[in-house]
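Q: Quick one: the structure is below, questions incoming.
The values are calculated or read from the model by the stated rules, or taken from the named source; none is laboratory data. Quick caveat: nothing in here was measured; it's all calculated off a predicted structure. No Cβ is skipped: glycine too gets one built from the backbone with ideal geometry, and neighbour counts run over all protein chains shown.
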Amino acid sequence: MIGFIGGSGIYDALPLNDVREKAVSTPYGDPSAPVTIGEFGDTGTEVAFLPRHGSDHQRSPTNLPYRANIYAFKQLGVERILASNAVGSLRDELSPQTLVIPDQIFDRTNHRDATFFGDGVVVHQPFADPYCPHMVEHLHDAATDATDADTQQGGTYVCIEGPQYSTRAESEFYKAQGWDLVGMTAIPEAKLAREAEMCYATVAGVTDYDVWKADSEVTLDEVLANAAANEDAIKATVERAIETLPDERDCDCGHSLDGTVNTPPEAIPEETRDRVAPLLGDHI
Ligand SMILES: [Zn+2]
């Protein structure tokens, strides 16, 4: 099963057959919405969809149930997650309606639970490449094939806490680092997907130039128009990516917990063990 987490502007699932809604509960609370599950076209591929912000965008980036969303997908047997984000651009050449498939993240969040572990089990996982490199390439190929949008493969996504947008000083600082995008939801989603040994990549649709660009006066109307245009391109990208995804994974994501559990299994408290067992599996 393939998971899709839709960002701002993506509240409808993809064209699916035999659609059902499944209310999933997890030890980390309820996901953003009931999970929509269905067969993608006549491919036989099952897709599970969650709108990240809830069906009516009721939740702010700080308070989203990131852990419940990823854990719910894990319980459903999802191995690969495609996601989308609405983002601001930090580069002149990444104009609104450009689709970027980032390959790096700079984490500026500070109020989020970014791990499934703790409470008696310590896991130190490599996170040098926060997105699945195969999925990044695959998503970029899909965006190029399925849309007329300008696209970029790779780039650094600065994840801020929000809900306010950046100050001008912050925006100019991020731009000066050579980073590409600013948004509010890549973290902890990418960290949790890695902890769940899932492939994870995202298609980020540019809606505006943040506040570094002095001559840019982006109006709400423009942002909404760009988000609407991005919605069609993002859906087309994700649909193409699902259609063409190889049956089997050919990357290391499925083994990303190997050798990372520092706590001896017998020392893990029973309550914690029950909660993390679906994630750690044979590792404890
Ligand atoms: Zn992978």
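Quick grid of which residues meet (1) within 16 Å of the ligand (Cβ to nearest atom); (2) in contact with a Leu (Cβ under 7 Å, 6 or more places away or on another chain); (3) not acidic (Asp, Glu):
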| position | (1), (2), (3) |
| --- | --- |
| 155 | no, yes, yes |
| 162 | no, no, yes |
| 165 | no, no, yes |
| 178 | no, no, yes |
| 183 | no, no, yes |
| 188 | no, no, yes |
| 193 | yes, no, yes |
| 199 | yes, no, yes |
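Q: Filter the stretch 49-63 for residues that are closer than 13 Å to residue 5 by Cα and buried (at least 21 other Cβ atoms within 10 Å of the Cβ) and give the result.
A: Listed by number, the residues that qualify are 49, 50, 51, 52, 53.
Q: While we're on this one: State yes or no: is residue 182 within 20 Å of the chain's Cα centre (by Cα) and of a type in the set (Val, Ile, Thr)? Steps first, please.
A: Working: within 20 Å of the chain's Cα centre (by Cα): yes; of a type in the set (Val, Ile, Thr): yes.
In short, yes.
Q: State whether the residues of the stretch 190-210 include one that is modelled with pLDDT of 95 or more, within 24 Å of residue 15 (Cα to Cα) and part of a helix (DSSP H, G or I).
A: no
Q: How many of the residues in the stretch 211-229 are outside any helix (DSSP H, G or I) and either within 16 Å of the ligand (Cβ to nearest atom) or not hydrophobic (A, V, I, L, M, F, W, C) (or both)?
A: Going through the stretch 211-229 one residue at a time, the tally reaches 5.
Conditions tested, residue by residue: (1) outside any loop (DSSP other than H, G, I, E, B); (2) more than 14 Å from the chain's Cα centre (by Cα); (3) in contact (Cβ under 8 Å) with a residue 24 or more places away in the chain.
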residue: 42; (1), (2), (3): no, yes, yes
residue: 50; (1), (2), (3): yes, no, yes
residue: 72; (1), (2), (3): yes, yes, yes
residue: 82; (1), (2), (3): yes, no, yes
residue: 113; (1), (2), (3): no, yes, yes
residue: 127; (1), (2), (3): no, yes, yes
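Q: Of the residues that sit in the stretch 250-271 and are among the small types (Gly, Ala, Ser) and assigned to a helix (DSSP H, G or I), which one is surrounded by the fewest Cβ atoms within 10 Å (Cβ to Cβ)?
A: So in the stretch 250-271, the residues among the small types (Gly, Ala, Ser) come out as 254, 256, 259, 267.
Those still in the list that are assigned to a helix (DSSP H, G or I) too: 254, 267.
Values: 254: 15, 267: 10.
Here the answer is 267.
Q: Looking at (1) in a strand (DSSP E or B); (2) of a type in the set (D, E, K, R); (3) over 18 Å from the mean Cα position of the chain (by Cα); (4) under 30 Å from residue 213 (Cα atoms), find the lone condition where residue 107 falls short.
A: Of the numbered conditions (1) in a strand (DSSP E or B); (2) of a type in the set (D, E, K, R); (3) over 18 Å from the mean Cα position of the chain (by Cα); (4) under 30 Å from residue 213 (Cα atoms), the odd one out for residue 107 is (3).
Q: So in the stretch 214-249, with the set limited to residues that are among the basic types (Lys, Arg) and out of contact with any Lys or Arg (no Cβ under 9 Å at 6 or more places or on another chain), which one is surrounded by the most Cβ atoms within 10 Å (Cβ to Cβ)?
A: 235
Q: I've got another one for you. Given the residues 232, 274, 282, 247, which is the only one that is outside any strand (DSSP E or B), over 24 Å from residue 68 (Cα atoms) and more than 16 Å from the ligand (Cβ to nearest atom)?
A: Checking each option against the conditions leaves just 232.
Q: Checking the conditions here, which among 174, 165 is assigned to a helix (DSSP H, G or I), more than 18 Å from the chain's Cα centre (by Cα) and at negative phi?
A: 174
Q: Every residue in the stretch 24-40 that is farther than 14 Å from residue 78 by Cα and either assigned to a loop (DSSP other than H, G, I, E, B) or touching a Lys or Arg at 6+ places or on another chain (Cβ under 7 Å) (or both), please. Before you say what the answer is, go through the steps one by one.
A: Looking only at the stretch 24-40, we keep the residues that are farther than 14 Å from residue 78 by Cα, and these are 25-34, 40.
Selection gives 25, 27, 28, 30, 31, 32, 33, 34.
Q: If a residue has to be surrounded by fewer than 23 Cβ atoms within 10 Å (Cβ to Cβ) and closer than 12 Å to residue 204 by Cα to count, how many in the stretch 156-182 make the cut?
A: Count: 1.
Q: Give the number of residues within the stretch 10-48 that are surrounded by fewer than 16 Cβ atoms within 10 Å (Cβ to Cβ) and farther than 26 Å from residue 195 by Cα.
A: Number of matching residues: 11.
Q: Could you give every pair whose Cβ atoms fall below 9 Å, whose first residue belongs to the stretch 226-255 and is over 16 Å from residue 150 (Cα atoms) and basic (Lys, Arg), and whose second residue is at pLDDT 95 or above and away from the ligand (no atom under 16 Å from the Cβ), counting only separations of at least 6 or pairs across chains?
A: Between residues of the stretch 226-255 that are over 16 Å from residue 150 (Cα atoms) and basic (Lys, Arg) and residues that are at pLDDT 95 or above and away from the ligand (no atom under 16 Å from the Cβ), the close pairs are 240/143; 240/145; 240/146; 240/147.
Q: Within the bounds of the stretch 183-196, is there any residue that is over 30 Å from residue 120 (Cα atoms) and either touching a Gly at 6+ places or on another chain (Cβ under 8 Å) or touching a residue at least 24 places away in the same chain (Cβ under 8 Å) (or both)?
A: Yes, there is a match, as at least one residue in the stretch 183-196 is over 30 Å from residue 120 (Cα atoms) and either touching a Gly at 6+ places or on another chain (Cβ under 8 Å) or touching a residue at least 24 places away in the same chain (Cβ under 8 Å) (or both).
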